[in-house]
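Worksheet for the structure shown next.
The values are calculated or read from the model by the stated rules, or taken from the named source; none is laboratory data. Predicted model only: the values in this text are computed from it and were never measured. Don't worry about glycine lacking a Cβ; one is built from the backbone with ideal geometry, like all the others, and counts go over all protein chains shown. Each accessible area value is taken on the protein alone, full model and side chains, heavy atoms only, with ligands, DNA and RNA left out. Shrake-Rupley method; radii C 1.70, N 1.55, O 1.52, S 1.80 Å.
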Amino acid sequence: MRKIDVAIVGASGLVGEKIIQILEEENLIENMNIALYVSNKSAGKEILIENKMHRLVFLDEGALERKFDIVFFSAGDEISSLWVPRFAEKGAFVIDNSNAFRHLEGVPLVIPEINIDKVSKNSKIIANPNCSTIELAIVINALSKIYEIKKIIVSTYQSVSGAGKGALSDLKNNTKFEIPQGICGNVIPRIGSLSENGFCTEENKIMFELNKILNKNYSICASTARVPIPYCHTESVYVKLTENVNLEDIMKELYKENIIFNEDIALSSELADKNEVAVCRLRKFSENEIAFFVVADNLRRGASYNAVLIAKHIINKFLN
Ligand SMILES: NC(=O)c1ccc[n+]([C@@H]2O[C@H](COP(=O)([O-])OP(=O)(O)OC[C@H]3O[C@@H](n4cnc5c(N)ncnc54)[C@H](OP(=O)(O)O)[C@@H]3O)[C@@H](O)[C@H]2O)c1
């Protein structure tokens, strides 16, 4: 079997580093020729992958001279907007972690366990959903298999790593470089900028993406906040259904979908560096209304692991 040519743009970032780690864990990297692209800040540094030093390379036109089978992008919206179409035009499957292409009709927005069928040989740009959307969608998808959903209200408590390496450094060093309001000692009840509808970027992402992934038109209201913890997003979720609910049936469905159900509380520190999604404190508000918390690692389940699952599918289906 030939080695697969893979590039990771943003290889020195939180998501990029995790993609490399998961490719190693999944024993995929040994069958890959890997190229690692970064900005001029990290270019020239070397990192150890599978006992071999790999140089981080400045992303420029030279990268387009190489032919890649798969390119992971985790370098922000601007870099993706500029470069993703160019790698796709050269024939690579591009798995993009940014928000740049998620809205486009022809671009599949994929959580493999839910809608991997949207990825075809011709879908060259594949969007990885937003981190807070992924864990919510996995649970709502499970619920939708046994009940019809009428309305979803979600409030998030999102970790600082969700805003990248610079933000995590602000948390560790009590600085305000990346998060100007100061994340130490604060809950910041807005993530991204405000849109005309009064919702912020992160809230609009959740409300749009959930329906695109599940192919539904649910009534969804999201409120998002950044909290001063390093890893994992916790979400408080209210769901209104069309009929009386049975909590036992929901628990059984969560189990079937490999979602951890915790009778007590699921802590972010327990879910950190894990691929699973956990649900806890499932309760009934009325006959057809429930509330619960969802927790997952934003860097893994909310980004890198999801991207690697998509890559695995592409390798098995289109590259072998
Ligand atoms: N963090 C999360 O939980 C999460 C979850 C889902 C999606 N995402 C998305 O994933 C992307 C990356 O997030 P992150 O948290 O990993 O950010 P990050 O830690 O700040 O890393 C950003 C990466 O982009 C690279 N980069 C910056 N400018 C570049 C350029 N001009 N050319 C090439 N590379 C460049 C950086 O390289 P240098 O080291 O050289 O600066 C670094 O490797 C973002 O689009 C984000 O929205 C993040």
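Hey, can you tell me all the residues within the range 260-278 that are surrounded by 19 or more Cβ atoms within 10 Å (Cβ to Cβ) and touching a helix residue (DSSP H, G or I) at 6+ places or on another chain (Cβ under 6 Å)?
Val277, Ala278 - these are the residues of the range 260-278 that are surrounded by 19 or more Cβ atoms within 10 Å (Cβ to Cβ) and touching a helix residue (DSSP H, G or I) at 6+ places or on another chain (Cβ under 6 Å).
Can you tell me which residue within the range 159-207, out of those that are open to solvent by 70 Å² or more (accessible area, probe 1.4 Å) and within 21 Å of the chain's Cα centre (by Cα), is nearest to Val107 (Cα to Cα)?
Ser193
Return the residue satisfying two criteria in turn: it lies in the range 63-97 and is under 22 Å from Ser132 (Cβ atoms) and open to solvent by 10 Å² or more (accessible area, probe 1.4 Å), and of such residues it is farthest from the ligand (Cβ to nearest atom).
Once the filter is applied, the top-ranked residue is Ser81.
Would you say Ile114 is open to solvent by 10 Å² or more (accessible area, probe 1.4 Å), under 19 Å from His313 (Cα atoms), touching a helix residue (DSSP H, G or I) at 6+ places or on another chain (Cβ under 8 Å) and away from the ligand (no atom under 16 Å from the Cβ)?
Against the criterion (open to solvent by 10 Å² or more (accessible area, probe 1.4 Å), under 19 Å from His313 (Cα atoms), touching a helix residue (DSSP H, G or I) at 6+ places or on another chain (Cβ under 8 Å) and away from the ligand (no atom under 16 Å from the Cβ)), Ile114 qualifies.
For the range 140-158, give me each residue that is of a type outside the set (S, T, N, Q) and open to solvent by less than 80 Å² (accessible area, probe 1.4 Å).
Ile140, Ala142, Leu143, Ile146, Tyr147, Ile149, Ile152, Ile153, Val154
If Thr156 meets every condition in (1) within 13 Å of the ligand (Cβ to nearest atom); (2) outside any strand (DSSP E or B); (3) touching a strand residue (DSSP E or B) at 6+ places or on another chain (Cβ under 9 Å) apart from one, which number is that one?
Condition not satisfied by Thr156: (2).
Please work out if Ser219 is under 16 Å from Lys240 (Cα atoms), away from the ligand (no atom under 15 Å from the Cβ) and open to solvent by 50 Å² or more (accessible area, probe 1.4 Å).
Taking the combined requirement at face value, the residue satisfies it.
Could you please find all residues in the range 8-47 being away from the ligand (no atom under 11 Å from the Cβ) and under 16 Å from Ile79 (Cβ atoms)?
Scanning the range 8-47 gives a single hit, Ala35.
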